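Working notes for the structure below.
The values are calculated or read from the model by the stated rules, or taken from the named source; none is laboratory data. All values derive from a computational prediction rather than experimental measurement. Note that we place each Cβ from the backbone using ideal geometry, even for glycine, and neighbour counts take in every protein chain shown.
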Amino acid sequence: MLERAGVDVRVGTEREDEGVAPSVMLEGIQWCDVLVSLLTEPIDRALLAANPKLRGVAQYAVGFNNIDVAGATALGLPVSNTPDVLTDSTADLTWALLLAAARRIPEAQEYMKAGRYKLWGPNLLLGADVSPGGNGRRKILGIIGYGRIGAAVAKRAVGFDMDIIAYDLHARAAIDSSGIARWAELEDLLAQSDFVSLHPLLTKETHHLINERALKLMKPTAILVNVSRGPVIDEAALVRALNERWIAGAALDVFEHEPAMAEGLANCENAVIVPHIASASVGTRDKMATMAAENALAHLRGERAPNAVNAEVYSSVAYRERAARALGAT
């Protein structure tokens, strides 16, 4: 799309597993008009200030914690992201992880691949029901963070005949009016839930929301799922919880110091761990790329980006001054 629009596109690195070195970022930002960024590289104010004619930042992700948005706004720079499109894909992966952890799917696969399966037995790889199952008890799903993704996860839980409780500092009205979930205070949610699924924004309030105390409030049979942001969990405390069986298991798509994991996490048999693939379907990633390109073209043309996260920047003096400099350069 960008090339068809006559844009000169240069890529910081062709290898996705390398990331872009700070020196390459600094060199690149000094000549470009728009930066298309991934959430893997920090975009701070100093980097953005290196080019007074930069027109905008188009993030290829829904999250933008890696970008100093306040700094960008002060500099008159619009920042855009790719929201909404990954809601269903992320909710689907949440359920894939929840079911995999509950029924011990990764352990079962390794058991088969290692050639250990000799004979069926009544105690082979016993897991947990998500539906009422054999004992007929409706399981409780606790959802922390009831935005678009949390609500989509709740909708899918209805098909498993679950009781759904939810906690969100800023969305109690949405929970109460959902007709699906009922509000619960955080401590009550942790204590009651058979499965806890994390979907909050990463803020000062939610950093290490799931810490040692929270983990000890959970049932010893409970399973924790995180597809939100890694630092929501104190990962070192989680490793202790898994090893000492404070909880039955965890399933993680994100990590506190990604791509690194807390020491010992990879050795926890009761942990399902995948490499940040919540939005990794062909259809979703294609749509994200399209949205990022549309935002980038809007930045280039001096138009309001469809998905600006700091829309207030467009009415600022800093933005008008930056636009005038860019127009002069053109």
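Do you know which of the residues in region 176-187 that are farther than 18 Å from residue 232 by Cα and in contact with a helix residue (DSSP H, G or I) (Cβ under 9 Å, 6 or more places away or on another chain) is modelled with the lowest pLDDT?
Taking the candidates together, the pick is 178.
Pick from 28, 71, 63: which is surrounded by 12 or more Cβ atoms within 10 Å (Cβ to Cβ) and under 21 Å from residue 284 (Cβ atoms)?
63
Working carefully through the options 47, 93, 26, find the one that is hydrophobic (A, V, I, L, M, F, W, C), under 30 Å from residue 159 (Cβ atoms) and assigned to a helix (DSSP H, G or I).
93
For region 231-254, enumerate the residues that are acidic (Asp, Glu), crowded, with 22+ Cβ neighbours inside 10 Å and within 15 Å of residue 268 (Cβ to Cβ).
Correct list: 235 only.
Surrounded by fewer than 16 Cβ atoms within 10 Å (Cβ to Cβ) and within 21 Å of the chain's Cα centre (by Cα): is that true of residue 88 in this structure?
no
Could you count how many residues in region 185-195 are more than 20 Å from the chain's Cα centre (by Cα) and either within 26 Å of residue 278 (Cα to Cα) or of a type in the set (S, T, N, Q) (or both)?
So the count comes out to 6.
Within region 218-230, track down each residue that is surrounded by fewer than 19 Cβ atoms within 10 Å (Cβ to Cβ) and free of Cβ contacts under 8 Å to residues at least 60 places away in the same chain.
219, 220
Please indicate, with yes or no, whether at least one residue in region 169-191 is surrounded by fewer than 13 Cβ atoms within 10 Å (Cβ to Cβ), under 23 Å from residue 93 (Cα atoms) and among the aliphatic types (A, V, I, L, M).
Checked region 169-191: no residue is surrounded by fewer than 13 Cβ atoms within 10 Å (Cβ to Cβ), under 23 Å from residue 93 (Cα atoms) and among the aliphatic types (A, V, I, L, M).
All but one of (1) at positive phi; (2) over 22 Å from the mean Cα position of the chain (by Cα) hold for residue 103; state the number of the condition that does not hold.
In the conditions (1) at positive phi; (2) over 22 Å from the mean Cα position of the chain (by Cα), residue 103 misses (1) alone.
Could you please find all residues in region 29-44 being among the hydrophobic types (A, V, I, L, M, F, W, C) and part of a loop (DSSP other than H, G, I, E, B)?
Result: 31, 32, 38, 39.
For region 106-140: of the residues being part of a loop (DSSP other than H, G, I, E, B) and among the aromatic types (Phe, Trp, Tyr), which is farthest from the chain's Cα centre (by Cα)?
Ranking the candidates gives 120 first.
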